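The values are calculated or read from the model by the stated rules, or taken from the named source; none is laboratory data. As the structure is a prediction and not an experimental result, all values here were calculated from the model. Because the Cβ atoms are built from the backbone with ideal geometry, glycine has one as well, and the counts that use them run over all protein chains shown. The accessibility values were calculated without ligands, DNA or RNA, using every heavy atom of the protein model including side chains. Shrake-Rupley method; radii C 1.70, N 1.55, O 1.52, S 1.80 Å.
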Amino acid sequence: MLVIPCPYCGPRDEHEFSYAREGHIARPTNAEQISDADWAQDLFMRKNPKGVHYERWMHAKGCRRYFNVARDTVTHEIYAVYEMGQPAPDVKKESGR
Amino acid sequence: MVETYQRRTALAHLGLVGRAAAGKGGAGVVMSEAGHRTIINIRGNAQDPAFAAAVKSATGVDLPAKANTVAGTGARQILWLGPNEWWVTGADGEADALVEALRGAFTGQHATACDVSESRAVLSLKGPKTREVLARGVSLDLHPKVFGIGQCAQTGLSRCNVLLHQVGEGPHFEIYVLKSFSDYLWRWLEQIAGDFDLGIEA
């Protein structure tokens, strides 16, 4: 089980959280003009990296706030936890990966 | 004929008064239902001095400074729920006046106060074995060095979402749980507490 450090409540067990998929997705602003194929790409296609993944979690049984997590999909190591709206940190450089 | 509405607590059907009177009394863990309580959910910007002042003027209590802590004593307390969300508690029957006072104080601010008193039942557990009972269903570290008096935490207990609050020595914990889960949670706790010399108070 993961121990996820909630930016508000501190470290808690994974069962208190719900996964909220990939973070930092910018929706198209020209919604009327783009094609169905582009919409499909935007809505359904997600990164599936082997390594650092920038994702959102929600502290469902605690403070019920969303936040971002930079997690390694291979080792489950959590490099960074940061609030919504903040830019993704470049953890590859910091962790030397 | 008009029947008078008989307001009952969430666990009134368990007959705790009778069981307590019958002398179901151990001292390892003493369980009771805390009865009706006013709970007001407030939200606002904690960094805004005007919001903090409004809460103080309406409730007489400062917002808790740290996450997962409780400010105030007795009936009037403020429990931290999130970075911009708290519960204000009060004695039974205070809800309407408290909401009115808070909404009045929040005039012109991006803040809200909402009466959620009827949503929760409050269970009380005290006695030297309380932490051992809770530890069977909570993944938090409840060691007194980590979780002490005046601290609260929302977490999962058994299968329920609860708010745990250590209110005093003993240790004495209060558990806020949704009313619809309270019957299940009481029975679960009673089963566990049976291993630890259970007593029941009304």
Output the number of residues of segment B:142-167 satisfying the condition of being at positive phi and within 13 Å of the chain's Cα centre (by Cα). 1
What number of residues in segment B:1-53 are in a loop (DSSP other than H, G, I, E, B) and acidic (Asp, Glu)? 2
Outside any loop (DSSP other than H, G, I, E, B), over 17 Å from residue A:10 (Cβ atoms) and modelled with pLDDT under 95: is that true of residue B:72 in this structure? yes
Filter segment B:148-181 down to residues that are out of contact with any Asp or Glu (no Cβ under 8 Å at 6 or more places or on another chain) and small (Gly, Ala, Ser) and give me whichever is nearest to residue A:59 (Cα to Cα). B:153
Over segment B:75-88, the set of residues modelled with pLDDT of 95 or more and aliphatic (A, V, I, L, M) is B:78, B:79, B:81, B:88
Being open to solvent by 10 Å² or more (accessible area, probe 1.4 Å) and touching a Lys or Arg at 6+ places or on another chain (Cβ under 6 Å) is the filter here; which residues of segment B:143-168 pass it? B:161
First in segment B:1-25 and in the same structural domain as residue B:181 (by TED's automatic domain parsing), second anywhere and open to solvent by 70 Å² or more (accessible area, probe 1.4 Å) and modelled with pLDDT under 85, Cβ under 6 Å, 6 or more apart: B:16/B:202; B:17/B:202; B:20/B:202
If I go through segment B:64-78 residue by residue, how many of them are among the β-branched types (Val, Ile, Thr) and within 14 Å of chain A (Cβ to nearest Cβ)? 1
For residue B:191, are the conditions met, namely being over 15 Å from residue B:120 (Cα atoms) and within 16 Å of the chain's Cα centre (by Cα)? no
Residues of segment B:108-124 being buried (at least 17 other Cβ atoms within 10 Å of the Cβ) and either more than 18 Å from residue B:79 (Cα to Cα) or more than 17 Å from the chain's Cα centre (by Cα) (or both), in sequence order, are B:111, B:113
Segment B:84-110, residues that are closer than 15 Å to residue B:46 by Cβ, in a loop (DSSP other than H, G, I, E, B) and away from chain A (no Cβ under 14 Å): B:106, B:109, B:110
From the option list B:81, B:11, single residue qualifying as within 14 Å of chain A (Cβ to nearest Cβ), among the aliphatic types (A, V, I, L, M) and within 30 Å of residue B:187 (Cβ to Cβ) is B:81
Quick one: would you say residue B:61 is open to solvent by 10 Å² or more (accessible area, probe 1.4 Å), within 13 Å of chain A (Cβ to nearest Cβ) and without any contact (Cβ under 8 Å) to a residue 60 or more places away in the chain? no
In the set A:62, A:85, A:51, the lone residue that is within 14 Å of another protein chain (Cβ to nearest Cβ) and on the phi > 0 side of the Ramachandran plot is A:85
Qualifying residue in segment A:23-42 (condition: touching a residue at least 24 places away in the same chain (Cβ under 8 Å) and within 12 Å of the chain's Cα centre (by Cα)): yes
Looking at segment A:69-93 only, could you name the residues that are within 12 Å of the chain's Cα centre (by Cα) and part of a loop (DSSP other than H, G, I, E, B)? A:73, A:84, A:85, A:86, A:87, A:88, A:89
Listing of strands (runs of 3 or more DSSP E) fully contained in segment B:128-202 that carry 2 or more residues being at pLDDT 95 or above: B:152-157, B:160-168, B:172-178
Out of (1) within 14 Å of chain B (Cβ to nearest Cβ); (2) without any contact (Cβ under 8 Å) to a residue 40 or more places away in the chain; (3) touching an Asp or Glu at 6+ places or on another chain (Cβ under 9 Å), what's the single condition that is false for residue A:9? (2)
